[in-house]
Amino acid sequence: MAGTEHDQVEETLKRIEANKYVIGTIVVNAEGIPIRTTLDNSTTVVYAQLLRHLTMKARNTVRDLDPQNDICFLRMQTKKHNILVAPENNFLLIVIQKHVNSLRTFP
């Protein structure tokens, strides 16, 4: 990655991580190896492995439905967090955040 491109990526990650709702971020390479994280190692490895697998399944599903289409973004809302996954150029950006609307309750 060129210096300027790397600087832009770092700047973007710092901006995301500065958001008060963000719990952590993970960048995963094409081999499924976390290359940057703000979470502890064991949490990072679990999220990276499972979300890479889920993203690949989602991508295959989209392509099965339409071979000229591709997945751009995954967003999952759980009872505890929002999990955002952006697949891009052989990398995955994973962001775990608190629910933005703290008034939302689940049974």
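The values are calculated or read from the model by the stated rules, or taken from the named source; none is laboratory data. Quick caveat, the model's predicted, so the values are computed rather than measured. All Cβ positions, even for glycine, are placed from backbone atoms using ideal geometry, and neighbour counts span all protein chains on display. Side chains included, ligands, DNA and RNA excluded: accessible areas come from the protein's heavy atoms. Shrake-Rupley method; radii C 1.70, N 1.55, O 1.52, S 1.80 Å.
At a glance:
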read-out	value
Some residue of region 58-70 being hydrophobic (A, V, I, L, M, F, W, C), at negative phi, modelled with pLDDT of 95 or more and part of a strand (DSSP E or B)	no
Pair list, Cβ < 9 Å and 6+ apart or interchain, from region 55-66 residues that are closer than 19 Å to Val28 by Cα to residues that are loosely packed, with under 14 Cβ neighbours inside 10 Å and not small (Gly, Ala, Ser)	Arg59/Asp70
Flag for Ile35 being open to solvent by 90 Å² or more (accessible area, probe 1.4 Å) and either touching a His at 6+ places or on another chain (Cβ under 9 Å) or assigned to a strand (DSSP E or B) (or both)	yes
Ala58, sole failed condition from (1) farther than 25 Å from His6 by Cα; (2) open to solvent by 40 Å² or more (accessible area, probe 1.4 Å)	(2)
Leu84 being surrounded by 15 or more Cβ atoms within 10 Å (Cβ to Cβ), outside any helix (DSSP H, G or I) and touching a residue at least 60 places away in the same chain (Cβ under 8 Å)	no
Breaking point among (1) open to solvent by 60 Å² or more (accessible area, probe 1.4 Å); (2) part of a helix (DSSP H, G or I); (3) not aromatic (Phe, Trp, Tyr), for Ile16	(1)
